[in-house]
1. With a cap of 10 neighbouring Cβ atoms within 10 Å, and only residues DSSP puts in a loop, list the trypsin sites (Lys or Arg not before Pro) found in segment 195-231.
2. How much accessible area per residue does the chain have, in Å², with a 1.4 Å probe?
3. Looking at this model, which pairs from Lys22/Lys369; Lys45/Lys519; Lys3/Lys317; Lys292/Lys509 are more than 23 angstrom apart at the alpha-carbon?
4. Quick one: compute the contact order of segment 333-375, relative version, from alpha carbon pairs under 8 angstrom and 6+ residues apart, as a percent.
5. Could you tell me what percent of the accessible area of segment 378-459 is made up of carbon and sulfur, with a 1.4 Å probe and every protein chain present?
6. Please give every one of the lysines within straight-line cross-link reach of Lys379, meaning a C-alpha to C-alpha distance under 17 Å, and leave out same-chain neighbours fewer than 8 residues apart.
7. Please give the contour-minus-distance gain from Glu356 to Gln479: 0.36 nm per residue of separation, less the Cα-Cα distance, rounded to one decimal in nm.
8. Using mean Cβ contacts within 10 Å as the protection proxy, how do 322-329, 39-46 order, highest first?
Amino acid sequence: MAKRLTDILKEQGKLDDTGLSKATLYVNQTGVSIQDALVALGIVKEEDITIAISKQLSVPYASRENGVLVPEKDQNLTSIITEKFARENIILPLFAEEGSLAVAMSDPSNVFLLDNLKMMTGMSIQPFIASKSQLLLALDNLYENRNVLEEVISEKVEEVAPGDASQEDFDVLANVDGKMDLDKDMATGPGAHYIKMVNVILRQAMSERVSDIHLELFDERVSLRFRIDGSLYERTSPPKEAVAAIISRIKILSKLDIAEKRLPQDGSFAVKYHNRTVEFRVSVCPTVFGEKLVIRILDKGTGTLTVDGLGFEPRQKKDFLEAAAMPHGLIFLTGPTGSGKTTTLNAVLSTIKTPELNFMTLEDPVEYKLDGISQVQVKSQIGLTFAAGLRSFLRQDPDVILVGEVRDSETAEACLKAAMTGHLVLSTLHTNEAIGAIPRLTDMGIEPFLLASSLALVAAQRLIRVLCPYCKVPYLPTQDVINQILHESGLPPKEQSTWTFFKAAGCPKCANTGYKGRKAIYEVFKINEAMRNTIYKTKDLIELRKAATATGAWNLRASGWRKAVKGITSVDEVLSVTTSEE
């Protein structure tokens, strides 16, 4: 008799009785499977669940890390299993030999799918198990066609002139639920070419892990750029005469006024893509040459939101979660726009979330939809500001409150009041360093003695690019760089023998950038009694910084060096993202 999945996870040290009790309660409340509950609560990682199921069913495990989730080249696998069927069922053909086809899937116990594959291919099926998130990425790599955008843009347009495309033309692909399905065939008829162009731009952006799309019109040219891992890269631009039609299409999807071209407009829409929902935040701004379009991509299908994959060092993670487990107090995360603050705070909420507590968030906009947490969208035009919403929250019996951003003294005072009346409040500030949150709050009118008694933790973060694992090159920095790392990181000199340095090279898998993906680096200062006394006495940054570093915690530059000596990022990247405090 096969072992239960939970028993296997316990044997592997991935699950204990406390975690199992929480997951079981979650299953009873929501009706999801036990494995989905374990992943949703952040108790067990998705990959650990997949490995356990592999052992339970005696099915080989496939992943990028073990090199199995890589389809064989030159076997024409895409003609054996069509892209549509592969994406609808989230399966990946791996290799074929002697009348047998190896296929990776997230549920190898699905006998109906196995039978369909056997009938469709005429081959016997050898199932492998892989996590859903890794399968989706592997599918993008197998079936993507990076030349599609150039092909669509170069197509001759014969239907209508761009200025003649009506709202009805652009609404052809809109579904009844308000989500556009990018997996459906393109529309036909007037304006269809521009609809196709928009769809292809969106599809290519998602396949390239793009965070933002920039479409801008200049006097003599059009610029289409994708932001990948924090940097903008040029892509094949649409013709100048198509820009108005493309922006109109996006406006209609976002429920914006297509006739208004004088004022900035903000909106959003969602699309269905590869069996997952992807949301887009749209900003249209008038310039001297026409409207500029920026689209922020919020992909909800890239995995479960947990703190483990963010980039915390072990001590930083421990300090942050201990502060987040307190019954009341203030936690502030600082950093510039786009540094990942919202992602971190939502991951923390997902990690500490329990059915016994009432969690509420007030955000602008709501970027992540979190199960079991009441989320409210700020609407300042009707009076629902951060401060007004927070005052209303206090009548909703909350235990933990997330406030998207403290922008003014009214919001700061409301956060302080909530923390002092027995609530845990998490929020963000725009300062260059974690300690900078303290003088910023006192400048907003918060009394130092109240801040000192309520503040539980201040942290800052930046996003740092991760070296591409396929092309990074080992090298040895100069002695001057080594000495700088020893001085700024606080790492013991005796550990130098374990340091491994790499630099960026560039290959097709990373679009010749040398980097693939980003991780956060943090400075995390948990407030102790010595720091409380310093906050009460002064708001001088130098004195506050001394008190913070006396706790043994380290700053952003030191966190970056810890990533560099492990070969995660490069020395150049650390120097470009962080600054020395001396």
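The values are calculated or read from the model by the stated rules, or taken from the named source; none is laboratory data. All values reported here derive from a predicted model rather than from experimental measurement. Using ideal geometry, Cβ is built from the backbone for each residue, glycine included, and neighbour counts are taken over all protein chains shown. The protein model used for the area step is the full one, side chains on, heavy atoms only, and it has no ligands, DNA or RNA in it. Shrake-Rupley method; radii C 1.70, N 1.55, O 1.52, S 1.80 Å.
1. Details: sites: Lys196, Arg203, Arg209, Arg221, Arg225, Arg227; in loops: Arg209, Arg221.
Those satisfying the criteria are Arg221.
2. Ligands and nucleic acids excluded, the figure is 47 Å² per residue.
3. On the way: Lys22/Lys369 21 Å; Lys45/Lys519 18 Å; Lys3/Lys317 33 Å; Lys292/Lys509 30 Å.
Exceeds cut-off: Lys3/Lys317; Lys292/Lys509.
4. Value for segment 333-375: 32 percent.
5. Values: 1510 of 3270 Å².
Its accessible area is 46 percent carbon and sulfur atoms.
6. Lys255
7. Answer, rounded to one decimal: 38.8 nm.
8. 39-46, 322-329
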